[in-house]
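Everything below concerns the one structure shown next.
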Amino acid sequence: RRIRKAFLPEQGWQLISADYSQIELRILAHLSGEDVLVEAYRNGDDVHALTARLLLEKDEVSADERRLGKTINFGVIYGISGFGLARNLRIPRAEAQGFIDRYFERFPGIKEYMATTVKFAQEHGYVQTLFGRKIHTPEINAKGPGAGFAKRAAINAPIQGTAADVIRRAMIRMDGAIAHLPAKMLLQVHDELLFEVDEAAADDLIGVAREIMEGAAAPAVKMDVALSVDAGRGSNWAEAH
């Protein structure tokens with residue numbers, strides 16, 4: 001009962017969820033410099049549909065086909081294998097591996113980023129976020145079953161690590177930015193910040209939170225792909241999504 005009450009706003013107040021949209025894919029686009037991906041975000045294109053169209057060589061794709069693009073886009077960040085993709089999509093392993101191979105043909109900049117990142121980790125024993133924070137990779141030169149995991153972790157660490165740095169920077173600035181509003185920041189969940197606000201000030205809070213979060217990388221890092229924040233509101237956490 002106490003837990004449920006903790007996530008319900010006071011009477012006359014609302015919960016606001018402000019969530020980074022595809023932040024890891026946007027960071028990957030910046031890190032890799034992959035022209036197709038960068039341009040897609042700049043144009044406001046549906047990146048998952050774009051990926052599906054490129055892989056399937058079709059002008060239009062269905063919702064299920066878009067799901068293929070989404071699964072591969074996010075799976076690549078975590079070094080998904082043909083086996084893993086086949087299991088997620090419930091397709092033959094050879095077909096899944098074919099999609100992965102085609103993905104890297106269509107997005108060569110991402111393949112180059114991965115190879116360069118692994119090589120850097122092998123030579124230095126760490127990788128870095130866009131803000132220079134080091135993430136050590138002690139197993140990167142290991143042999144055997146652990147070698148693949150270490151490489152996938154090295155590829156992923158700058159992406160996830162940068163996303164973590166960005167939201168921390170947003171949180172540090174947020175208290176001062178919303179001090180004039182009848183609102184408070186409650187907690188952070190992955191790429192999301194949750195607020196409680198007087199209903200009358202909900203629009204103002206959303207505007208401030210979005211501005212702070214979307215600009216959190218600056219001035220230390222100038223992103224080639226703009227960060228984007230989705231915001232929702234409701235009387236409970238589920239409604240706010």
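The values are calculated or read from the model by the stated rules, or taken from the named source; none is laboratory data. A quick note: this is a predicted structure, and the numbers were derived from the prediction, not measured. Ideal geometry is used to build each Cβ from the backbone, glycine not excepted, and the neighbour counts take in all protein chains shown. Protein only, heavy atoms only, side chains kept; ligands, DNA and RNA dropped before computing areas. Shrake-Rupley method; radii C 1.70, N 1.55, O 1.52, S 1.80 Å.
Tell me yes or no: at least one residue of the stretch 141-156 is surrounded by 13 or more Cβ atoms within 10 Å (Cβ to Cβ), under 20 Å from the mean Cα position of the chain (by Cα), more than 23 Å from Leu31 (Cα to Cα) and of a type in the set (A, V, I, L, M, F, W, C). Checking the stretch 141-156: not a single residue is surrounded by 13 or more Cβ atoms within 10 Å (Cβ to Cβ), under 20 Å from the mean Cα position of the chain (by Cα), more than 23 Å from Leu31 (Cα to Cα) and of a type in the set (A, V, I, L, M, F, W, C). Meeting the requirement of 3 or more residues that are among the hydroxyl-bearing types (Ser, Thr, Tyr) and under 16 Å from Leu25 (Cβ atoms), no helices (runs of 4 or more DSSP H) wholly within the stretch 56-115 can be named. Taking the criterion of being open to solvent by 40 Å² or more (accessible area, probe 1.4 Å) and among the β-branched types (Val, Ile, Thr), the only residue of the stretch 92-125 that qualifies is Thr116.
For Leu55, indicate whether it is more than 16 Å from the chain's Cα centre (by Cα) and modelled with pLDDT of 90 or more. Yes; evaluated as a whole, the condition is true for this residue. Put simply, of Pro108, Pro138, Pro92 the only residue that is closer than 15 Å to Leu55 by Cα, of a type outside the set (Phe, Trp, Tyr) and out of contact with any strand residue (DSSP E or B) (no Cβ under 6 Å at 6 or more places or on another chain) is Pro108. Does any residue in the stretch 97-118 that is among the β-branched types (Val, Ile, Thr) come within less than 7 Å, Cβ to Cβ, of a residue that is exposed (fewer than 15 other Cβ atoms within 10 Å of the Cβ) six or more places away or on a different chain, and which pairs are these? As it stands, the answer is Ile110/Phe104, since those pairs meet every condition given. The residue that is most open to solvent (accessible area, probe 1.4 Å), among those in the stretch 190-208 that are within 26 Å of Gly132 (Cβ to Cβ) and either among the hydrophobic types (A, V, I, L, M, F, W, C) or in contact with a Phe, Trp or Tyr (Cβ under 8 Å, 6 or more places away or on another chain) (or both), is Asp191.
Could you list, in sequence order, the residues of the stretch 29-52 that are part of a helix (DSSP H, G or I), within 17 Å of the chain's Cα centre (by Cα) and over 19 Å from Asn88 (Cα atoms)? Correct list: Ala29, His30, Leu31, Ser32, Leu37, Val38, Ala40, Tyr41, Arg42, Val47.
Kindly indicate the residue of the stretch 194-209 that is among the aliphatic types (A, V, I, L, M), in contact (Cβ under 8 Å) with a residue 40 or more places away in the chain and not in a strand (DSSP E or B) and also farthest from Gly234 (Cα to Cα) among those meeting that condition.
Ala209
The set of residues in the stretch 26-83 being hydroxyl-bearing (Ser, Thr, Tyr), surrounded by fewer than 16 Cβ atoms within 10 Å (Cβ to Cβ) and farther than 24 Å from Val118 by Cβ consists of Ser62 alone.
Residues being open to solvent by 20 Å² or more (accessible area, probe 1.4 Å), small (Gly, Ala, Ser) and either touching a residue at least 12 places away in the same chain (Cβ under 8 Å) or part of a strand (DSSP E or B) (or both) are represented in the stretch 221-228 by at least one member.
Evaluate the following for Gly161: is it closer than 26 Å to Arg26 by Cβ and open to solvent by less than 20 Å² (accessible area, probe 1.4 Å)? Yes, satisfied.
The sole residue among Arg168, Arg173 that is open to solvent by 10 Å² or more (accessible area, probe 1.4 Å), in a helix (DSSP H, G or I), among the charged types (D, E, K, R) and without any contact (Cβ under 8 Å) to a residue 40 or more places away in the chain is Arg168.
Selection of first residues in the stretch 126-146 that are at pLDDT 95 or above and of second residues that are among the hydrophobic types (A, V, I, L, M, F, W, C) and exposed (fewer than 13 other Cβ atoms within 10 Å of the Cβ), restricted to Cβ pairs under 9 Å at least 6 apart or on distinct chains, gives the following pairs, ordered by first then second residue: Leu130/Ala220; Phe131/Ala220; Gly132/Ala220.
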